[in-house]
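Below is one structure, written out as structure tokens, with a few remarks after it.
The values are calculated or read from the model by the stated rules, or taken from the named source; none is laboratory data. Predicted, not measured: the structure shown is a model, and the values here were computed from it. So basically every Cβ, Gly included, is an ideal-geometry build from the backbone, and we count neighbours across all protein chains shown.
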């Protein structure tokens, strides 16, 4: 015997399965049904109809099946007789888990002369759904209108264009993780560090300094 449900299905009055047992003692023989485990399912003692009691089992906890034992007792008789039957409930996975980032925020410091193509870091979001159809996470960047950075399917963030400390000192990237139904976001903060890029330059290239003879050692003069 077997029937199937979707994980975490709730009570809706739907009959999932019906068992049938009959006694051999004539029309007065009455069969009463019961379940040994009523955690998730219940059975009508008179009709043998099985339905959800509170919610169907969680696929991630029980994987793909759950075992029920149904017992039937015939009464009234001088001797009560009981028969039990195992039923395997097939559980179908649904996309009921949201991707979760760990940690909840990312930060990275980088010099402004970092080469284009450098990977700054990798974000990671995990999805507890078992089925690959539901636990595969795709990443994207929200709001990077300048296209300074990119992210791949592994969550690695790469520098796309040159950074300049004098133009912009920090970036706060909003990273989206999606399993095609459920979404999660996290911030990846980037601090741009200055680099001593420029040597001092004289404003005038031809300068003259006249110093009288016998000038003291610590005297000051101005270049003209």
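Quickly run through region 132-163 and pick out the residues that are part of a loop (DSSP other than H, G, I, E, B) and either touching a residue at least 60 places away in the same chain (Cβ under 8 Å) or more than 30 Å from residue 60 (Cβ to Cβ) (or both).
Going through region 132-163, the residues part of a loop (DSSP other than H, G, I, E, B) turn out to be 136-137, 143-148, 152-155, 160-163.
Of everything in region 132-163, those that are part of a loop (DSSP other than H, G, I, E, B) and either touching a residue at least 60 places away in the same chain (Cβ under 8 Å) or more than 30 Å from residue 60 (Cβ to Cβ) (or both) turn out to be 143, 144, 145, 146, 147, 148, 160, 161, 162, 163.
Restricting to region 87-105, count the residues that are outside any loop (DSSP other than H, G, I, E, B) and more than 19 Å from residue 59 (Cα to Cα).
The number of residues fulfilling the criteria is 2.
Within region 71-86, count every residue that is without any contact (Cβ under 8 Å) to a residue 60 or more places away in the chain and assigned to a strand (DSSP E or B).
Step one: filter region 71-86 for residues without any contact (Cβ under 8 Å) to a residue 60 or more places away in the chain, giving 71-82, 84.
Okay, now just the ones that are also assigned to a strand (DSSP E or B), so 71-75, 81-82, 84.
Final tally of qualifying residues: 8.
Conditions tested, residue by residue: (1) touching a helix residue (DSSP H, G or I) at 6+ places or on another chain (Cβ under 7 Å); (2) assigned by the TED database to the domain that holds residue 108; (3) closer than 30 Å to residue 96 by Cα; (4) at pLDDT below 95.
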site: 137; (1), (2), (3), (4): no, yes, yes, no
site: 144; (1), (2), (3), (4): no, yes, yes, yes
site: 163; (1), (2), (3), (4): no, yes, no, no
site: 169; (1), (2), (3), (4): no, yes, no, no
site: 184; (1), (2), (3), (4): no, yes, yes, no
site: 213; (1), (2), (3), (4): no, no, no, yes
site: 221; (1), (2), (3), (4): no, no, no, yes
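For region 106-113, indicate whether the set of residues that are outside the structural domain of residue 6 (by the TED database), surrounded by fewer than 16 Cβ atoms within 10 Å (Cβ to Cβ), assigned to a loop (DSSP other than H, G, I, E, B) and under 25 Å from the mean Cα position of the chain (by Cα) is non-empty.
no
Out of the residues in region 122-131 meeting the condition of being exposed (fewer than 15 other Cβ atoms within 10 Å of the Cβ) and touching a strand residue (DSSP E or B) at 6+ places or on another chain (Cβ under 7 Å), tell me which one is nearest to residue 62 (Cα to Cα).
126
Quickly run through region 23-37 and pick out the residues that are more than 12 Å from residue 71 (Cα to Cα) and either surrounded by fewer than 16 Cβ atoms within 10 Å (Cβ to Cβ) or modelled with pLDDT of 95 or more (or both).
Hits for region 23-37 are 24, 25, 26, 27, 28, 29, 30.
With the condition kept exactly as written, say whether any residue in region 18-28 is in contact (Cβ under 8 Å) with a residue 60 or more places away in the chain and farther than 22 Å from residue 130 by Cα.
Yes - at least one qualifying residue is present in region 18-28.
Within region 114-131, can you find the residues that are part of a loop (DSSP other than H, G, I, E, B) and touching a helix residue (DSSP H, G or I) at 6+ places or on another chain (Cβ under 9 Å)?
The answer is 127, 128, 129, 130, 131.
Can you name every residue in region 38-57 that is buried (at least 16 other Cβ atoms within 10 Å of the Cβ) and either on the phi > 0 side of the Ramachandran plot or not in a strand (DSSP E or B) (or both)?
Residues satisfying the conditions are 40, 48, 56, 57.
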